[in-house]
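Notes follow once the structure below has been shown.
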Amino acid sequence: MPDQLLFGMEVVLNGLMAGVLYALVALGFVLIYKASGIFNYAQGVMALFAAMTLVGIMEGNVPFSHLINAVFGTQVHHFGWQVPGIAAVALTMIVMVALAWVVNQLIFRHLVNQAPIILFMATIGLAYFLEGFGDVMWGSDIKKLDVGLPQGLNTVIDDLTYGLFGYGFFIDNLDIVATVVAALLVGSLVVFAQYSKQGRAMRAVADDHQAALSVGVSLNFIWVMVWSLAGFVALVAGIMWGTKSGVQFSLSLIALKALPVLMLGGFTSIPGAIVGGLIIGVGEKLFEFSVGTMVGGATENWFAYVLALIFLVFRPQGLFGEKIIERV
Amino acid sequence: MVPEDTITEDGRKIGGVVMEMKNITLRFGGVVAIKDISFDIRQGEIRAIIGPNGAGKSSMLNVISGFYHPQEGEVWYQGKRRPPMKPFEVAQQGIARTFQNIALFEGMTVLDNVMTGRFRQMKAGLFAQAIWKGSAEAEEMKNREAVEKIIDFLEIQHIRKTPVGRLPYGLKKRVELARALAAEPSILLLDEPMAGMNVEEKEDMSRFILDVNDEFGTTIALIEHDMGVVMDLSDRVVVMDYGRKIGDGTPDEVRTNQDVIDAYLGVAHD
């Protein structure tokens, strides 16, 4: 097989796996948008906050230690214990559920029936608050996250492809794990939304508040549930991205990469988030590989947005978005 | 004082009082929507609330279903005074309703819409459902069966998988009735079930309401401003005008009530 083609295949594979990571972030947006019509600008910061909390708990750091030390003149930094990965993930999830509850109780419960732009502004406020809050709570230094996920070159694939084609594919173990986790997550979310009582209630609330109330659905409960789910997805995304590139401020910017994914896949579709993520992931890697070299590279920065723009013109509801049915 | 069970002419059994409204007054700012109204609903009957536009009928229904909270008066349900409740809590107590302007989940299929009506009956916890096993699965199956029965009963099998947004008005009304019925309510509230329908659709809807009451023994309270339809359907009628109760009794009694005639036909002011 020609080298060019093999290299192209490797690029596609890597693109697919990068796409899965984009999709993970996009998924958090879709969940909240579906159930409450809120475009949650804070999704990226939630991923950052989740990752920071996870690191903080694992290392046994004292939350708000800088603040405590400054106010009381003490010198506390660590509890002096280490929490194993799994337990820390569970504890972080509890924090994310609590965050969901507080966010709903303090902000969004009071903004029911407000215009979408107001809800959007509220999430911008939430994003900046949460960013600062995370820094105060855990410190703003760059942290290393290692919950024990495999990382580095997958030698099995490398050997296998080398044996077959005489060219070893470089696939990162972490990407493989992320792909599997994302696939499981999406599968279970789709089944949950489609066939369970609470999932149905979630869609019902998204569709019509009054009608949902009339069949006995508590709006508050569903909203807290949805924000918790989004927190869970943020946690998973935070773990994957945090392990890959460290827990730092730029983690919250991955949310911007999710925007073109959403335009492609549709804001209301869970499978759409995945397919959109894959198309963007593969598209930008292939484009960089084939065209990028001719124009001096760095196409990955803008390719996704241009693709999304083209999509907006021809299919504004996205690939899988709900068709806008209007009876006159 | 609970009236004795009575048997209607067509052999249906009407039981004791399930719901009683005592001296309900509802104000919106300075506007009095309902003024000191009392009436009761008995087990198994079809109870109509009629009146001209703006009489406060829908407000009354919204008080019963918890969407509005009256400033004065008491709501008694199944022999107990009901504290102020949110609409979803009222629904969980077994009071189902439909809306004048249809409130369905437009993006969901007919089947899914009716399934949401079973919300109250489904007990499996969040975690059991999240992993979709065991009791949650069995429960889903059982409720699905009940829903299919109702879909058959209301003759909407052919549109089971159709998204509600695509249906014509008359069918939407029927789907909404199906969803309310799926909750196996102890009281079914219908807000203008015949509004905007043609004669044929009205006849169909009347037949379904009668059949539901007859077959399942469901207590029904309905609002309608079409006098003819109401008189044929209901066992007892409350007549409202300008927020007041001006008549209460069997259709025949109400028909001959002078206040009611005045309200509907207008009265000469001289």
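The values are calculated or read from the model by the stated rules, or taken from the named source; none is laboratory data. Worth saying up front: this structure is predicted, and the values here are computed from it rather than measured. Note that we place each Cβ from the backbone using ideal geometry, even for glycine, and neighbour counts take in every protein chain shown.
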What's the number of the condition A:Gly231 fails, among (1) within 14 Å of chain B (Cβ to nearest Cβ); (2) surrounded by 24 or more Cβ atoms within 10 Å (Cβ to Cβ); (3) not aliphatic (A, V, I, L, M)?
(1)
Among the residues listed as A:Leu189, A:Leu286, A:Leu253, the single one being within 13 Å of chain B (Cβ to nearest Cβ) and surrounded by fewer than 24 Cβ atoms within 10 Å (Cβ to Cβ)
A:Leu189
Filter region A:80-113 for residues that are surrounded by 14 or more Cβ atoms within 10 Å (Cβ to Cβ) and not aliphatic (A, V, I, L, M) and give the result.
A:Gly85, A:Thr92, A:Trp101, A:Asn104, A:Phe108
Looking at (1) touching a residue at least 24 places away in the same chain (Cβ under 8 Å); (2) out of contact with any Ser or Thr (no Cβ under 7 Å at 6 or more places or on another chain); (3) in a helix (DSSP H, G or I), which one does A:Val180 not meet, given that it meets all the others?
(1)
If we take region B:130-237, then helices (runs of 4 or more DSSP H) inside it with 3 or more residues that are surrounded by fewer than 22 Cβ atoms within 10 Å (Cβ to Cβ) and more than 14 Å from every other protein chain (Cβ to nearest Cβ) are B:135-153, B:199-216, B:227-233
Restricting the first residue to region B:104-120 and requiring it to be at the interface with chain A (Cβ under 7 Å from one of its Cβ atoms), which pairs with a second residue that is small (Gly, Ala, Ser) meet a Cβ separation below 6 Å and a spacing of at least six or different chains?
B:Phe105/A:Ala204; B:Glu106/B:Gly165; B:Thr116/A:Ala204; B:Gly117/B:Ala182; B:Gly117/B:Ala183; B:Phe119/A:Gly216; B:Arg120/A:Gly216; B:Arg120/B:Ala183
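Is it fair to say B:Ala263 is closer than 23 Å to B:Asn23 by Cβ, part of a helix (DSSP H, G or I) and not assigned by TED's automatic domain parsing to the domain that holds B:Ala146? Can you show your working first?
Numbers: closer than 23 Å to B:Asn23 by Cβ: yes; part of a helix (DSSP H, G or I): yes; not assigned by TED's automatic domain parsing to the domain that holds B:Ala146: yes.
Taking the combined requirement at face value, the residue satisfies it.
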Can you work out which of the residues in region A:205-215 that are closer than 25 Å to A:Leu99 by Cα and either aliphatic (A, V, I, L, M) or touching a strand residue (DSSP E or B) at 6+ places or on another chain (Cβ under 9 Å) (or both) is nearest to the other protein chains (Cβ to nearest Cβ)?
A:Leu213
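Please verify whether region A:162-181 includes one or more residues that are within 14 Å of chain B (Cβ to nearest Cβ) and either out of contact with any Phe, Trp or Tyr (no Cβ under 7 Å at 6 or more places or on another chain) or more than 20 Å from B:Arg144 (Cα to Cα) (or both).
Going residue by residue through region A:162-181, those that are within 14 Å of chain B (Cβ to nearest Cβ) are none.
So far as region A:162-181 goes, no, none of its residues is within 14 Å of chain B (Cβ to nearest Cβ) and either out of contact with any Phe, Trp or Tyr (no Cβ under 7 Å at 6 or more places or on another chain) or more than 20 Å from B:Arg144 (Cα to Cα) (or both).
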For residues that are surrounded by 13 or more Cβ atoms within 10 Å (Cβ to Cβ) and small (Gly, Ala, Ser), scanning just region A:295-319, find the one that is nearest to A:Lys257 (Cα to Cα).
A:Ala304
